[in-house]
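The values are calculated or read from the model by the stated rules, or taken from the named source; none is laboratory data. This structure is a prediction, so every number in the text was calculated from the model and none was measured. Don't worry about glycine lacking a Cβ; one is built from the backbone with ideal geometry, like all the others, and counts go over all protein chains shown. These area figures cover heavy atoms from the full protein model, side chains too; ligands, DNA and RNA do not enter into them. Shrake-Rupley method; radii C 1.70, N 1.55, O 1.52, S 1.80 Å.
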Amino acid sequence: MKNHHRSLKLGLLIIIGLSLGIMGHLTRASADTYVKEASMTPKTYVRASSAGAMYTLKISSSTVSFSKKTHYLKNYPSTTWEATKKLYEKKANGATYLYYYVTNKSGSVSGWIWHKYLKAGATYATLYGYAKDELGKPYSYGGNGPSSFDCSGLTKYVYAKAADKTLPRTAQSQYDTYTHVSSSKLEKGDLAFFGGSTSSITHVGIYIGDGMMLDAQNYGVISEAIHVSWWHVVGYAWPETLVQ
């Protein structure tokens, strides 16, 4: 009987000790976690891994708590994300984790995500989506949008919206600034340039595949063939690496 009571007491002591140990660990982890949140210049990312997920974070003083996973990157293979905030979390063991607050370009999905699940860049799908939205808008010389465009005003506007990239204002300066590519290596989202020569660029459009481009010309923003009698192709340029 005495041995039975002794065993019960020993068991209770072990359980209490374990409970205190767990509580102590949680308290230390919470107290020692250092959190630093800051805004950042907007930057675009695409997924580096389909395994990533987003969270809602609750930041209080110098601690942070994670919600359940809210969005999964596996469901967004062709999405461009814009990061506007960053957060550094330092654990009691000294490890520091960097998270970005990201939003898709339509603003319908957002959350905090570990930075290793992302890589810098934008998708062609996002770029084309913004360009397509401008179809039918009228042409105006010097038009930067959003109500009307000229050719380089359209390319500048679309790249700024889709990829947070600032293109030079004129077709000539866009041609002069970016790496030229041959027609055999042309990818969707590259720029097609037209004019009398490499030093006399008068028009630019966005290549959308199958010999077609989306551009702003006298009839407004339209999609048309690159190789037609009224345009003389001078060359192509690659302003941004887009995930195809």
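Please indicate, with yes or no, whether at least one residue in the range 102-114 is closer than 29 Å to Tyr130 by Cβ and among the basic types (Lys, Arg). Lay out the reasoning, then the answer.
Step one: list which residues in the range 102-114 are closer than 29 Å to Tyr130 by Cβ, which gives 102-114.
Next, from what is left, pick out any that are among the basic types (Lys, Arg): 105.
So far as the range 102-114 goes, yes, one or more of its residues are closer than 29 Å to Tyr130 by Cβ and among the basic types (Lys, Arg).
So, in the range 177-187, of the ones that are in contact (Cβ under 8 Å) with a residue 12 or more places away in the chain and assigned to a helix (DSSP H, G or I), which residue ends up nearest to Met213 (Cα to Cα)? Talk me through it step by step, then tell me what you get.
So the first thing to find is which residues in the range 177-187 are in contact (Cβ under 8 Å) with a residue 12 or more places away in the chain, and the list is 177-183, 186-187.
Subset that is assigned to a helix (DSSP H, G or I): 177, 183.
Numbers: Thr177: 20, Ser183: 13 Å.
That would be Ser183.
Just to verify a result, which residue in the range 170-220, among those that are in contact with a Ser or Thr (Cβ under 7 Å, 6 or more places away or on another chain) and over 21 Å from Tyr141 (Cα atoms), is most open to solvent (accessible area, probe 1.4 Å)?
Met212
Exactly one of (1) under 21 Å from Val35 (Cβ atoms); (2) touching a Gly at 6+ places or on another chain (Cβ under 6 Å); (3) of a type outside the set (Val, Ile, Thr) is unmet by Phe149. Its number?
Only one criterion in (1) under 21 Å from Val35 (Cβ atoms); (2) touching a Gly at 6+ places or on another chain (Cβ under 6 Å); (3) of a type outside the set (Val, Ile, Thr) is unmet by Phe149, namely (1).
Being open to solvent by less than 60 Å² (accessible area, probe 1.4 Å), under 15 Å from Val109 (Cβ atoms) and either touching a residue at least 60 places away in the same chain (Cβ under 8 Å) or not hydroxyl-bearing (Ser, Thr, Tyr) (or both) is the filter here; which residues of the range 41-87 pass it?
Thr44, Tyr45, Val46, Gly52, Ala53, Met54, His71, Leu73, Thr80, Trp81, Glu82, Ala83
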